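> Encoded as structure tokens, here's the structure I'll be asking about.
The values are calculated or read from the model by the stated rules, or taken from the named source; none is laboratory data. Worth saying up front: this structure is predicted, and the values here are computed from it rather than measured. Because the Cβ atoms are built from the backbone with ideal geometry, glycine has one as well, and the counts that use them run over all protein chains shown. For accessibility, only protein heavy atoms count, side chains too; no ligands or nucleic acids. Shrake-Rupley method; radii C 1.70, N 1.55, O 1.52, S 1.80 Å.
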Amino acid sequence: MSRVFVFDSIRAHLKARAMTYRDLASALELSESSIKRIISSNDCTLERLEEICHCLQLDLSDLLNSAPRKRRLLNQLTWKQEEELTKNKELLILAVCVMNLWSLEDVIEHLHISETQCLKLLGTLERIGLIELQPGNRYKLLVARHFSWITTGPIMTMVTAMAGDYFNHHFNESVEILKIVNVRISRQAAEHLRRRLELIVQEYADQVATDSHLPLMERVPLSVCIAARTWVPEFMTQLFRSA
């Protein structure tokens with residue numbers, strides 16, 4: 001098998017995941033120029049190749065045996081699919097687990113879900129399109145890098161209903177933070193801030209693949225909530241004169 005085939009497959013997998021050379025360089029803690037040099041020369045060590053596969057959520061054998069499917073990765077589920085998840089809490093938690101790259105063994109060990117039930121639920125997630133089942137009770141995640149829930153859909157409606165429970169917390173652990181800043185800035189500055197926040201969200205999402213080799217209990221279950229909206233608290237609006 002030629003090296004050209006291998007690196008063509010890497011390029012195809014990067015494209016399928018909407019990942020740039022910069023994204024890959026960041027995940028490997030290399031410079032973008034180093035990644036470009038590796039890809040353009042079709043050459044790197046076996047260790048580096050395995051690291052690249054890990055970032056792409058692939059086994060080396062997957063890379064050597066085939067290029068990615070032509071099917072597009074999921075950017076978002078349909079409203080009906082989200083409803084299906086919200087109506088089955090076991091299915092929903094398993095969906096969250098596979099998106100965080102849990103192994104079947106981790107699911108069975110840490111959740112009240114039997115192996116038989118887990119395999120059945122994985123079959124449902126495959127039908128929905130979140131995963132592709134592989135031999136040996138393994139799966140391949142088919143979620144695009146910029147996947148998101150429908151903003152006002154069933155999942156986000158369920159999550160926002162939990163806001164009271166989420167914020168009823170001290171937020172003083174070393175990995176936690178809660179900041180609320182009220183400002184008046186230009187629309188251009190606000191749009192720039194939104195883009196920066198989106199990059200932060202994506203950075204957390206990318207870290208899932210980077211840390212997936214660690215034992216489950218070494219991965220902190222962190223929920224990131226970033227929000228920015230035009231808003232004035234109701235008690236303050238009462239003090240404003242009508243326009």
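> Two decimals, Cα atoms only, Kirkwood Rh: what is Rg/Rh over segment 142-243?
Result: Rg/Rh = 1.01.
> Also: Using the crude model of +1 on Lys and Arg Cβ and -1 on Asp and Glu Cβ, and no other charge, please compute the dipole size for segment 86-185 relative to its Cα centre, in debye to 20.
The calculation lands at about 500 debye.
> To the nearest 10 Å², what's SER186's accessible area with a 1.4 Å probe?
70
> As I understand it, the dipole of the chain uses +1 on the Cβ of Lys and Arg and -1 on the Cβ of Asp and Glu, about the Cα centre. Which of TRP231, GLY153, GLN81 lies farthest toward its positive end?
TRP231
> Specify the residue with the greatest mean-square fluctuation among ALA16, ALA189, ALA144, computed from a Gaussian network of the chain linking alpha-carbon atoms under 10 Å apart.
Sorting by GNM fluctuation, first place goes to ALA189.
> Here's another thing I want to ask about it. Anyone know which of LEU64, LEU94, LEU24 comes out most mobile in the 10 Å Cα GNM of the chain?
Looking only at LEU64, LEU94, LEU24, the largest GNM fluctuation is found for LEU64.
> May I pose another question? Across every pair of different alpha-carbon atoms, what Kirkwood hydrodynamic radius in Å does segment 1-47 reach?
One decimal place: 10.9 Å for the Kirkwood radius.
> Taking the solvent-accessible surface of protein heavy atoms with a 1.4 Å probe, what is the per residue accessible area of the chain in Å²?
That works out to 69 Å² for each residue.
> When only alpha-carbon atoms count, how far does the chain stretch along each of its three principal axes, as whole angstroms with the largest first?
74, 47, 35
> Still on this structure, I have one more. Among the lysines, which fall within straight-line cross-link reach of LYS89, defined as a Cα-Cα distance under 29 Å, with same-chain neighbours fewer than 8 residues apart omitted?
LYS80, LYS120, LYS140
> A follow-up question, please. Place +1 on the Cβ of every Lys and Arg and -1 on the Cβ of every Asp and Glu in segment 171-224, take the dipole about the Cα centre, and give the residue among LEU178, GLN207, LEU222 whose Cα lies farthest towards its positive end.
LEU178
> If the only charges are +1 at each Lys and Arg Cβ and -1 at each Asp and Glu Cβ, what is the size of the charge dipole of the chain around the Cα centre, to the nearest 20 debye?
Dipole of the chain, to the nearest 20 debye: 1300 debye.
> Could you identify which residue out of ARG145, ARG48, ARG229 has the top mean-square fluctuation in a GNM of the chain using Cα springs shorter than 10 Å?
Maximum among the listed residues: ARG229.
> Another question about this same structure. If one takes the longest principal axis of the Cα atoms in the chain, at what angle in degrees, from 0 to 90 and to the nearest 10, does the Cα axis of helix 32-41 lie?
30
> Using the crude model of +1 on Lys and Arg Cβ and -1 on Asp and Glu Cβ, and no other charge, please compute the dipole size for segment 104-243 relative to its Cα centre, in debye to 20.
With only Lys, Arg, Asp and Glu charged at Cβ, the dipole is about 900 debye.
> Can you tell me the convex hull volume per residue for segment 76-156, based on C-alpha atoms, in Å³ to the nearest whole number?
In segment 76-156, the Cα hull volume divided by residue count equals 86 Å³.
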